Amino acid sequence: QVQLVESGGDLVQPGGSLRLSCAASGSFFGINAMGWYRQVPGKQRELVATITSGGSTNYADSVKGRFTISGDNAKNTVYLQMNSLKPEDTAVYYCYARMRVTILQMTSDYWGQGTQVTVSS
């Protein structure tokens with residue numbers, strides 16, 4: 001069983017900062033990639049940022065230059081540093097992980113429960 005536990009969501013003012021964390025636990029052989037997606041009610045979930053085990057990153061254009069994704073391999077944890085937050089960043093942020101779940105390198109995708117980020121004055 002694999003679990004992704006997110007933390008760090010909060011209510012902040014425009015221009016403020018937040019740091020989200022997602023820790024992976026359970027039975028797996030390794031993590032190929034982790035990332036963050038966000039979703040607003042009535043809209044499709046969208047990619048925010050991803051990072052591979054090798055350190056390659058990918059960002060949505062809307063957050064590039066403001067958000068930074070990073071990981072701690074020893075802790076199986078991914079972070080999202082969010083700076084210069086805007087009201088349009090308001091959403092539920094979901095942690096994502098693609099994990100190797102067998103010694104034969106079979107992979108599975110997992111999602112966290114989400115953490116609410118609200119940017120408002």
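The values are calculated or read from the model by the stated rules, or taken from the named source; none is laboratory data. Quick caveat: nothing in here was measured; it's all calculated off a predicted structure. Using ideal geometry, Cβ is built from the backbone for each residue, glycine included, and neighbour counts are taken over all protein chains shown. Accessible surface areas use protein heavy atoms only, side chains included; no ligands, DNA or RNA. Shrake-Rupley method; radii C 1.70, N 1.55, O 1.52, S 1.80 Å.
What to note about this one:
- All positions within the range 1-24 that are at pLDDT below 95 and open to solvent by less than 60 Å² (accessible area, probe 1.4 Å): V2
- Among the residues listed as V48, V40, the single one being open to solvent by 50 Å² or more (accessible area, probe 1.4 Å), of a type in the set (A, V, I, L, M) and under 16 Å from the mean Cα position of the chain (by Cα): V40
- Restricting attention to the range 74-121, the residues that are of a type in the set (A, V, I, L, M, F, W, C), touching a residue at least 24 places away in the same chain (Cβ under 8 Å) and open to solvent by 60 Å² or more (accessible area, probe 1.4 Å) add up to 2.
- Residue in the range 82-101 that is over 14 Å from V48 (Cβ atoms), at pLDDT 95 or above and of a type in the set (V, I, T) present: no
- Selection count, the range 1-30, where residues are assigned to a strand (DSSP E or B) and either within 15 Å of the chain's Cα centre (by Cα) or hydroxyl-bearing (S, T, Y) (or both): 13
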